[in-house]
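Take a look at the structure set out below.
The values are calculated or read from the model by the stated rules, or taken from the named source; none is laboratory data. Note that the coordinates shown come from a computational prediction; the quantities given were computed from them, not determined experimentally. With ligands, DNA and RNA removed, areas are computed over all heavy atoms of the protein, side chains included. Shrake-Rupley method; radii C 1.70, N 1.55, O 1.52, S 1.80 Å.
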Amino acid sequence: MNSATPASGRLVAYGCLALSMSLVGGYVALSKPLVAAFPVLLLAWLRFGIAALAMPHWLKRATEEPPMAARTRWLVFLESFLGNFMFSICMLFGVSLTSAVSAGVIMASIPACVAVASWLFLRERITVRIGLAIGCAALGIGLLALSPAHAPASPASTQSPMPWLGNLLVFCAVLCETAYAVIGKSLTGRLGPKRIASLINLWGFVLSMPFGIWFALQFDFTSVRFGTWALLVAYALAASIWTVWLWMTGLRHVPAAQAGVFAVMLPVSAALVGVLVLGESLSSPQLVAFVIALAGVVLATWPGRGT
């Protein structure tokens, strides 16, 4: 972090990052009812479309902002394709095949993955402590893969026949989120948070349009209840506007590796929503995996003496 940043500015940045990841964890869990009501690719298209209607004024370039260079345009596309479009597809398909609690545990590996990406692309050295953090994350995910997911105790509920595939897709979403953090750090030095959010959402809408139109032509929209529509609007605003703007605002003042500490809010909020709202239970193996994964988060993000 820039040493010239005042303490109050750092606190605001930390608050933005923490709230962003908390919202991501919340909508990861709450997306389970949505994927039960909409085809995943149609849901992604509707999400981007609703958000695009809410922020067209964010697309305008600020007077103090320089015109986008070719490299910046390419980074914006990659930020949307990996961190927005592919993250949504992997996450939505993943949570449809596994539990919200399981998804939360897997996403606890985000800080360790960001550390590896920082070493590869930002030339940051991986210390012994970071290596142990990566091992904790891998062990937590391994334990999770061996433990069954617990859905709500309801006669109408059915267990997914392929929870391992759901867990794998959620981990792919973790890799997409890692790219989102690293590329986003580069973009915050070139564009404002609002313009970044609007541009990557617009790209997501374009990328998902062929699939969205195909499924929309075959979908019965009258079968969707009002409460589901309300949840969809809240999901679209949170996923495409609030979380992106909060994250980019905080990331302008915090290094990418340090920002990874706030990813701990993602699995915590996802697990809490899964247990408290969706009625999922937390099994003993899942709890152990959760603790080990969070230990990896602490190891990966604990500030060193020279920080």
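Considering the range 206-285, the qualifying helices (runs of 4 or more DSSP H), each wholly inside and each with 1 or more residues that are closer than 23 Å to residue 110 by Cα and of a type in the set (Ser, Thr, Tyr), run over 226-237, 243-251, 265-276. Looking across the range 288-297, just one residue is open to solvent by 50 Å² or more (accessible area, probe 1.4 Å) and under 14 Å from residue 107 (Cα atoms), and that is 291.
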